[in-house]
Amino acid sequence: MKERIVSGMRPTGKLHLGHYLGVIQNWVELQHKYESFFFVADWHALTTKYDKTENLKNDVIDVAIDWLASGIDPEISTIYVQSLVPEIAELNIYLGMVTPQNWVERDPTLKDMAKILRSKEGQNSQISYGLMGYPVLMSADIMMMNATHVPVGIDQVAHIEITRDIARRFNNLYKEEFFNEPKPILNHCSLICGLDGNKMGKSFQNDIKISDTEEITAKKIMTAITDRSRLRKTDLGHPDECEVAFKYWQIFGNEEQIAQIRCECEKGERGCADCKRQLGAVINERFAEIREKRRYYESHIDEVKDILNDGSKRARVEAQKVLNEVKRLVRMY
Ligand code: TRP
Ligand code: SF4
């Protein structure tokens, strides 16, 4: 039997290259090795944005389109929407009962989320009961499919630790080795920073979207930070201090290109504007096929909705099997 992975993303709207390189690319490879379940975590979006739901539906579809365009194959993987699998909410209740409160209170990722929320909304912003339950709901997502592995970014590993603890505790309490203790799969790709050198993020306006046109991508790349000490094209450059542009070259260029750029930059034979123009072209080439596929799905939204509905139906079949076992083990009526 193939091992199983589950992973999800909150519907934050159109995804950027950080999502692509950090997560999606990894999923695309893993789907051939594992039985794969990928879902849009729309309930998790509500943990912090319950009061901003006007774009939620569209955001779910946008995320799904980016996945499909990037090569998540609905024939191989099950792609679904969290809220279309109500069994997850039911499992969340059982898991919540057996989870000690201090396990969620000391979750570092949750503490960070709470901090960000407070800095955005002011001191008196309240943390909801739902947000406190974030790691339990996430455990329900994962355990719903009784996954063996969870491919995530490093920031999510603390949550997965709680999932493992909950799985172990459930098995101990109800005296059966029913749930797997899922292991995180970290991807080894280097993190891509934003155009300004900070973490790439939608809210920092320093991102390049998968869905950006070639023109917009090229324009954005021209704003990427370079070697700040360099004023003229003939000044000797320092690629290792070229904060963003050279880092992007190291991600998107081939070895030969990288070596050539380093050499020309150091000798003062390469201007930053030309260098970034060329970089933009390389990135556009890399995403050309994905963007073309994206345009296809954008004009076939009904097809995307069908994929999500079918996937959710398939996910429910698996979810019901697990839920029946859970109810049997807990000895529910
Ligand atoms: N918390 C994850 C994130 O913010 C999204 C998520 C929700 C998830 N449920 C999950 C990821 C289950 C993996 C497995 O990126
Ligand atoms: Fe960076 Fe290229 Fe300018 Fe060198 S020439 S500093 S690598 S942008």
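The values are calculated or read from the model by the stated rules, or taken from the named source; none is laboratory data. Predicted, not measured: the structure shown is a model, and the values here were computed from it. Glycine gets a Cβ as well: all are built from the backbone with ideal geometry, and neighbour counts include every protein chain shown. In case anyone asks, the SASA skips ligands and DNA or RNA and just uses the protein heavy atoms, side chains included. Shrake-Rupley method; radii C 1.70, N 1.55, O 1.52, S 1.80 Å.
Determine which member of the set R10, R106 is within 12 Å of ligand 1 (Cβ to nearest atom) and open to solvent by 30 Å² or more (accessible area, probe 1.4 Å).
Matching residue, one of R10, R106: R10.
Among the numbered criteria (1) closer than 26 Å to P11 by Cα; (2) open to solvent by 50 Å² or more (accessible area, probe 1.4 Å); (3) assigned by TED's automatic domain parsing to the domain that holds M143, which one does E181 miss?
It is condition (1) that E181 fails.
In the stretch 82-102, how many are closer than 15 Å to I166 by Cβ, in a helix (DSSP H, G or I) and within 16 Å of ligand 1 (Cβ to nearest atom)?
5
Restricting to the stretch 13-30, name every residue that is of a type in the set (V, I, T) and open to solvent by 10 Å² or more (accessible area, probe 1.4 Å).
V23, V28
Restricting attention to the stretch 228-235, does a residue exist that is part of a helix (DSSP H, G or I) and touching a residue at least 24 places away in the same chain (Cβ under 8 Å)?
No, every residue in the stretch 228-235 fails to be part of a helix (DSSP H, G or I) and touching a residue at least 24 places away in the same chain (Cβ under 8 Å).
Which residue pairs have Cβ atoms under 7 Å apart, sit 6 or more places apart or on different chains, and have a first residue in the stretch 31-42 that is closer than 18 Å to V317 by Cα and open to solvent by less than 10 Å² (accessible area, probe 1.4 Å) and a second that is within 16 Å of ligand 2 (Cβ to nearest atom) and at pLDDT 95 or above?
Sorted first by the residue in the stretch 31-42, then by its partner, the list stays empty.
On the given criteria, is A45 within 11 Å of ligand 1 (Cβ to nearest atom) and in a helix (DSSP H, G or I)?
yes
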